[in-house]
Amino acid sequence: MKSPREARKNARSLFRGCLPGGKLDATRVRAVTDVLASEKPRGHLAILQSFVRLVRLELGRRHVVIESAAPLSESEMTKLRADIIGTHGDDLTFETAVRPDLIGGLRVRVGSDVWDGSVRARLEGLPA
């Protein structure tokens, strides 16, 4: 059995091979998982677990969640998406949600970064 450290090292190497031009290539990810599943090299489960973790983190980094207190118009949404794409690149996936508990404003999450311009966040930030 391979050590966890060696498995993570192999998974990172395989993951880097799935990033041509800095963007995750789904066909390469599928090819890597197929090869690991069919050939079953020594320590393949630990390698696969580390590889899946890296892919999941990369996909999360490229996912945008836009939450608003009220539905946004199409023009507002187009402008917001264009601004985010201009800052973070064009290979993003978008998700929108209406959350009345925000009271007003927007909350935008790109990966682990959060920009909270909601009224609720400002009210919670007030001193008691």
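We did not get these values from a lab; they are worked out from the coordinates using the rules stated. These numbers were taken from a predicted model, which means no experiment stands behind them. Virtual Cβ from ideal backbone geometry, glycine too; neighbours counted across all protein chains shown.
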Practice item. Restricting things to alpha carbons, find the Rg to Rh ratio for region 35-90 using the Kirkwood radius for Rh. Key: 1.29
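Find the all-direction average of the projected area of the Cα convex hull for region 4-60, expressing the result in square nanometres with one decimal place.
Numbers: hull surface 14.1 nm².
Average projection, Cα convex hull of region 4-60: 3.5 nm².
What number comes out for the charge environment of ARG16, summing +1 per Lys or Arg and -1 per Asp or Glu over other residues with Cβ under 14 Å away? Spell out each step's value before the answer.
Numbers: positive: ARG8, LYS9, ARG12, LYS23, ARG28; negative: ASP25, GLU58.
Its environment carries a net charge of +3.
Taking every pair of alpha-carbon atoms in the chain, give the share separated by more than 18 Å as a whole percent.
Numbers: 5146 of 8128 pairs.
I get 63 percent for the Cα pairs in the chain exceeding 18 Å.
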